[in-house]
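Contents: one structure, followed by commentary.
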Amino acid sequence: YYNVETLAGGPFARAATSFTAYVGYAGGRDPPAGRGTATCYHTGDERDYSRLGSAEAVRVALDADRAAAQMKALARDFFDSFTGAKGARQRPDPMDRGPPYRSFAGFPGGMSSPLYAVFAAENTWGMALKPGAGGDADEFNTVWIYDMAAFPFYRGEVFHQNHCNFFQSEGMPYPD
């Protein structure tokens with residue numbers, strides 16, 4: 001979503017140094033008491049995002065005066081990133097399977113949010129949009145919708161930020 005945020009003439013038009021797209025985890029239980037907001041990659045202990053029922057996520061801050069246009073651009077990019085025919089879409093990286101990689105979106109108020117309506121309008125690919133209960137399954141052609149108050153975002157480790165794992169994409173392998 002960095003590309004959506006920094007697109008010249010786009011609804012964000014942010015400088016390359018002013019992006020807000022950060023990776024992390026959401027859609028599961030809160031981390032254990034005494035651990036602060038420590039939700040981590042596959043640690044194998046009680047902080048492990050998959051053990052908490054969370055999935056990999058990206059959080060992007062919207063500007064209040066342009067939130068609808070910004071959400072529309074993010075939603076378009078989100079839905080267009082899937083591959084396959086209408087009604088049979090899968091994530092761009094089919095190697096990521098299981099609940100920690102399920103497709104979801106979070107909004108203040110979940111499906112009751114005005115931003116959800118903007119998001120749903122960009123779903124021209126016939127994907128199922130379902131209310132999430134946390135720790136949901138990885139369902140083909142499904143996007144779970146979470147209420148951000150019930151399932152907050154936890155920012156991921158520094159080493160996960162600003163990296164692209166699509167090795168076959170333009171510009172890959174990583175430049176020096």
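Some notes on this structure:
- In the range 76-159, the DSSP beta bridges split such that about 10 percent are antiparallel, to the nearest 5.
- Residues of the range 39-79 with amide N under 15 Å of a point placed 7 Å along Cα→Cβ from ASN123: 72, 75-79
- Computed E for ARG29/ARG155 - FRET, C-beta separation, R0 25 angstrom, nearest 0.05: 0.90
- In the chain, the portion of solvent-accessible area held by carbon and sulfur atoms comes to 56 percent [1.4 Å probe, whole percent, DNA, RNA and ligands not counted].
- Debye, to nearest 20: dipole size of the chain, +1 on Lys, Arg Cβ, -1 on Asp, Glu Cβ: 300 debye
- Cα centroid of the range 135-162 to Cα centroid of the range 2-23, whole Å: 20 Å
- What the Cα convex hull of the chain gives, in volume per residue, is 136 Å³.
- Beta bridges per DSSP with both ends in the chain, % antiparallel, nearest 5: 45 percent
- Helical contribution to [θ] at 222 nm, DSSP H n ≥ 4, -39,500 (n - 2.57), averaged over the chain, rounded to 500: -4000 deg cm²/dmol
- Ranking TYR154, TYR22, TYR49 by solvent-accessible area of protein heavy atoms (1.4 Å probe, all protein chains present), from largest to smallest, gives TYR22, TYR154, TYR49.
- Annotation: amide H-H contacts under 5 Å for TYR146 (H modelled 1.01 Å from N, sequence separation of 5 or more, or interchain): ALA105, GLY106, PHE107, GLY132.
The values are calculated or read from the model by the stated rules, or taken from the named source; none is laboratory data. All values reported here derive from a predicted model rather than from experimental measurement. Every residue, glycine among them, receives a Cβ derived from its backbone with ideal geometry; neighbour counts consider all protein chains shown. Just so you know, the surface numbers come from the protein's heavy atoms only, side chains and all, with ligands and any DNA or RNA stripped out. Shrake-Rupley method; radii C 1.70, N 1.55, O 1.52, S 1.80 Å.
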